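Presented below is the structure to which this report refers.
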Amino acid sequence: MAFTQRLKQAIGWPLALLAIIWLVFILEQATASEWFIYGIAPRKTYALRGIFTTPFLHGSWAHLLSNSAPFLVLMAMIIFFYPRVAFSVLLLIYLGTGITMWLFADPEALFATFNRANYHIGASGVVYGMASFLAFTGFFRRNIRAIAISLIIVFYYGGMIWGVLPTQEGVSWEGHLLGALVGIFTAYWFRQRIEEAEIRRKPSYEMEQEEEQYFLPRDIFNRKKE
């Protein structure tokens with residue numbers, strides 16, 4: 001895939017998805033609706049739809065803004081640097097995060113009376129999944145290019161690690177943790193799907209084999225007498 005085409009896809013797809021997320025939030029605010037009910041309510045069959053809808057729902061402007069930049073940047077990096085597996089990676093992170101949240105979030109929620117606080121909404125689980133995929137891909141692939149990308153992610157987004165701990169009330173730390181674990185699994189699963197740019201090509205001087213020199217022809221003792 002040409003560089004310009006890859007760049008267009010890396011910018012276009014994240015922008016389009018982010019525009020949908022913003023549109024959903026603006027419509028919710030404009031209509032004074034409560035769409036949190038379309039989020040994930042763990043282990044409730046009626047909330048299975050939340051596996052698909054949760055990343056598009058946000059509780060406030062601050063919530064939306066905090067997810068927008070990393071969502072855009074991380075998705076763009078996956079599409080640009082890993083085009084061969086980008087669609088499969090993003091799909092697995094998207095569905096895997098939702099499914100694991102529905103299965104494992106809020107162990108006590110099975111017996112709870114559900115209100116807004118019991119629903120998980122937001123794209124942060126997917127954001128954590130994308131960040132951990134990029135961070136751990138270098139560890140699993142062990143090539144210079146992937147390692148460099150991983151170090152960049154660790155440098156800029158390493159502080160996200162605190163989000164997997166239950167330190168702030170009202171924040172779905174389980175979604176962050178499960179998203180991160182799904183991202184690590186995804187990085188391991190696709191570790192052997194190497195991109196063309198990751199293949200090390202030998203320099204020309206290594207490919208040119210020097211001709212060995214011998215004092216006498218190597219087959220001198222094998223020649224038949226005429």
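Give, in nm to one decimal, the length gained when the segment between F140 and T167 is fully stretched (0.36 nm per residue of separation minus the Cα-Cα distance). Please list the in-between numbers first.
Values: separation 27, 0.36 × 27 = 9.72 nm, distance 3.00 nm.
Gain on extension, F140 to T167, equals 6.7 nm.
When averaged across all projection directions, what area in nm² does the alpha-carbon convex hull of segment 1-65 cover? Provide the component values of the computation, followed by the final result.
Working: hull surface 23.8 nm².
Hull-based average projected area comes out at 5.9 nm².
Could you tell me what % of all Cα pairs in segment 137-195 have separations over 13 Å?
66 percent
Could you check the spin-label model distance between L95 and S33? Points 7 Å from the Cα along Cα→Cβ, value in nm.
In this crude spin-label approximation the distance works out to 2.6 nm.
Probe radius 1.4 Å, ligands and nucleic acids left out: which of F87, F71 has the largest accessible area, and how do the rest follow? Write out the running numbers ahead of the final one.
Numbers: F87 155, F71 15 Å².
Result, largest first: F87, F71.
What does the extension gain come out to for F104 and A16, with contour length at 0.36 nm per residue minus their alpha carbon separation? Don't jump to the answer; show the numbers that get you there.
Details: separation 88, 0.36 × 88 = 31.68 nm, distance 3.04 nm.
Result: 28.6 nm gained on full extension.
Tell me the trypsin sites (Lys or Arg not before Pro) within segment 122-177 that lie in a loop according to DSSP and have at most 16 other beta-carbon atoms within 10 Å. All intermediate terms of the calculation are to be shown ahead of the outcome.
Numbers: sites: R141, R142, R145; in loops: R142.
Filter output for segment 122-177: R142.
With a point put 7 Å past each Cα toward its Cβ, work out how far S68 is from L23 in nm, to one decimal.
Between S68 and L23, the label points sit 1.6 nm apart.
How much length is gained on full extension from W189 to S60, taking 0.36 nm per residue of separation minus their Cα-Cα distance?
On the way: separation 129, 0.36 × 129 = 46.44 nm, distance 3.47 nm.
That pair, W189 and S60, stretches by 43.0 nm at full extension.
The values are calculated or read from the model by the stated rules, or taken from the named source; none is laboratory data. These figures come from a predicted structure and were not determined experimentally. Ideal geometry is used to build each Cβ from the backbone, glycine not excepted, and the neighbour counts take in all protein chains shown. Each accessible area value is taken on the protein alone, full model and side chains, heavy atoms only, with ligands, DNA and RNA left out. Shrake-Rupley method; radii C 1.70, N 1.55, O 1.52, S 1.80 Å.
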